[in-house]
Structure formats: C-alpha cells, structure tokens
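Visitor: The structure is given below, and queries will be raised subsequently.
The values are calculated or read from the model by the stated rules, or taken from the named source; none is laboratory data. As the structure is a prediction and not an experimental result, all values here were calculated from the model. Please note: Cβ atoms are built from the backbone with ideal geometry, for glycine as well, and neighbour counts cover all protein chains shown. The area values use the complete protein model at the heavy-atom level, side chains included, leaving out ligands, DNA and RNA. Shrake-Rupley method; radii C 1.70, N 1.55, O 1.52, S 1.80 Å.
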Amino acid sequence: MLARVGKAAPDFEANAFMKGDFEKVKLSDYKGKWIVLWFYPGDFTFV
Amino acid sequence: MELKALDVEVLAISTDSQFVHQAWHEAELSKMVQGGIPFPMVSDAGGRIGQVYGVYDPDECVDIRGRFIIDPDFNIRSMEILSLDVGRNPLELIRQIKAYRYVCSTGEVTPSGWQPGQSGLKTSAELVGKVYQAWKP
C-alpha cells in the first residue's frame, strides 16, 4: 500500500529515540489523534 | 512549542539509526530546545518506511523532505514533499492543521489563502459560480 491523500496511512513499527530512551514506535498507536509525520534527510543537518 | 498546543502528535523520521538520533539530540538538539525534543525520532533503517510514503531517494539512500498530516481516523489528509535543497515552512504546516480542524468541526470548506480566524465557505448549489461574491480575501 502506498501513501495517498484520502486513503488510510500505511502503518509501520520502528525503533525510535524518545526523551532519552530507545523505544519501539507504532504509527497506529497514535490513531485517534492528529499526526504529523515529518521525514528529513539526515541528523546533523537542517530539517 | 506551538504544535504541542495544537494537540498534534509529531513523529520525526530519517534513515539514521536511533543511536545516531541520540547522538544528534545530545550534541545539538538538546541545546536548541529546552528540555529536549518532546516527540519520537524514528529510525527508518534502509528506507523501508520512506519507500511506502514515496519519499525514499535510492541514489542518496535517504528520505527526502516529506511531510504528512494524518487525521484521527488514520487517513492521510495532506502531503508535501520537497527536494533536499529547500527547507520547510512550519507556519504553513500550522495553518493547514488549523484549517483541517476548522473544516472537521464546522463542516465548511476553506478556500485558498484561508487563515485561522477567518470564516470558511458552506458548499451548496447556490454557491456555484458565486464564490467570488462570498470569498474576498
């Protein structure tokens, strides 16, 4: 499934750094809220 | 942070590992943002997620500047993708979030150039061909 406006967001689970810890993050855990998914090319650059 | 005030969950994501995210956070971001970054920095190792979202550049092996707004029903409402050389305008992101919240709560639509605080338009058969009378930005 590819991302399309008006269609369900493709779900994923991935490793993350959050508030000093390493965690698994699943996008659909945020269901019920407005979500901003913000891709950027690389750490130590501008976003 | 204004996005927090809008009750929006932000996930930042790049092909860097969570360990590089941590290093960047400690070396730079924690000095720029008091208390540190309040949202997850997700690792898209290998660009698996970026490919599905159409933002993975296989030549550079990075996710380019893609931004997606997802509504509470888990549907994508908005997407913006920029090439590597131009950074983004957070004010436009905030305007769009406010516009989506506005249309969801009022059932109206927001024409081009709409700004928070302005009223929207109610779609109807009578409005067809008369938008210029109802909307004078």
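Visitor: Tell me, how many Å apart are the Cα centres for region B:49-72 and for region A:18-38?
Guide: Using only Cα atoms, the two centres lie 16 Å from each other.
Visitor: I've got another one for you. Give the residue list of trypsin sites (Lys or Arg not before Pro) in region B:48-102 that are DSSP loop and have at most 13 other beta-carbon atoms within 10 angstrom. Walk me through the numbers before you get to the answer.
Guide: On the way: sites: B:48, B:65, B:67, B:77, B:88, B:95, B:98, B:101; in loops: B:88.
Here no trypsin sites (Lys or Arg not before Pro) fit, given the DSSP loop and packing criteria.
Visitor: Relative contact order of chain B: what whole-number percent is it, with Cα pairs under 8 angstrom and at least 6 residues apart? Write down the numbers at each step before the final one.
Guide: Working: 132 pairs, mean separation 18.6, N = 137.
Reported relative contact order: 14 percent.
Visitor: Using a 1.4 Å probe on the protein chains only, how many percent of the accessible area of region B:1-63 belongs to carbon and sulfur?
Guide: Numbers: 1640 of 3100 Å².
Roughly 53 percent, rounded to a whole number.
Visitor: Report, in listed order, any pair from B:98/B:136; A:31/B:4; A:7/B:130; B:31/B:98 with a Cα-Cα distance greater than 26 Å. Write down the numbers at each step before the final one.
Guide: Numbers: B:98/B:136 20 Å; A:31/B:4 16 Å; A:7/B:130 31 Å; B:31/B:98 29 Å.
From the list (B:98/B:136; A:31/B:4; A:7/B:130; B:31/B:98), the Cα-Cα distance tops 26 Å for A:7/B:130; B:31/B:98.
Visitor: Counting only residues 5 or more places away or on other chains, whose amide H sits under 5 Å from the amide H of residue B:16 once H atoms are built in the peptide plane?
Guide: Under 5 Å from the amide H of residue B:16: A:43, B:44.
Visitor: So for B:26, B:126, B:92, what's the accessible-area order with a 1.4 Å probe, most first?
Guide: Details: B:26 105, B:126 135, B:92 55 Å².
Ranked list, largest accessible area first: B:126, B:26, B:92.
Visitor: For region B:86-137, what is the per residue volume of the convex hull drawn over the alpha-carbon atoms, in cubic angstrom?
Guide: On the way: hull volume 5.0 nm³, N = 52.
Taking only Cα atoms, region B:86-137 has a hull volume of 95 Å³ per residue.
Visitor: Can you give the Rg to Rh ratio of chain B, both from alpha-carbon atoms, with Rh computed by the Kirkwood formula? If you can, show how the numbers build up before the last one.
Guide: Values: Rg = 18.6 Å, Rh = 17.6 Å.
We get a ratio of 1.06 for chain B.
Visitor: How tilted is helix B:90-106 with respect to the longest principal axis of chain B? Cα atoms for both, answer in degrees (0 to 90, nearest 10).
Guide: Tilt of helix B:90-106: around 50 degrees.
Visitor: Something else about it: Taking only protein heavy atoms and a 1.4 Å probe, what accessible area per residue, in Å², does the protein assembly as shown have with all protein chains in place?
Guide: Working: 9920 Å² over 184 residues.
It amounts to 54 Å² per residue over the protein assembly as shown.
Visitor: Once the Cβ-Cβ distance between residue B:98 and residue B:45 is put in as r, and R0 is 35 Å, what FRET efficiency do you end up with, to the nearest 0.05?
Guide: Here the calculated transfer efficiency is 0.55.
Visitor: Please calculate the 1.4 Å probe accessible area of residue B:84, with all protein chains present, and give it to the nearest 10 Å².
Guide: Here the accessible area works out near 60 Å².
Visitor: Using a 1.4 Å probe and counting only protein heavy atoms, arrange B:32, A:18 so the residue with the most accessible area comes first. Don't jump to the answer; show the numbers that get you there.
Guide: Working: B:32 135, A:18 40 Å².
Sorted by accessible area, descending: B:32, A:18.
Visitor: How many nm is it between the label spots at residue B:89 and residue A:33, if each spot is 7 Å from the Cα in line with the beta carbon?
Guide: That separation, rounded to one decimal, is 2.8 nm.
Visitor: Rank these by accessible area, largest first, 1.4 Å probe: B:85, A:11.
Guide: Values: B:85 115, A:11 75 Å².
Order by accessible area, largest first: B:85, A:11.
Visitor: Express as a percent, rounded to the nearest 5, the fraction of DSSP beta bridges in chain B (both residues included) that run antiparallel.
Guide: If I count the DSSP bridges inside chain B, around 75 percent turn out antiparallel.
Visitor: Which value, in Å² and to the nearest 10, is the accessible area of residue B:81 when all protein chains are kept and the probe is 1.4 Å?
Guide: In the full protein context, residue B:81 sits at about 80 Å².
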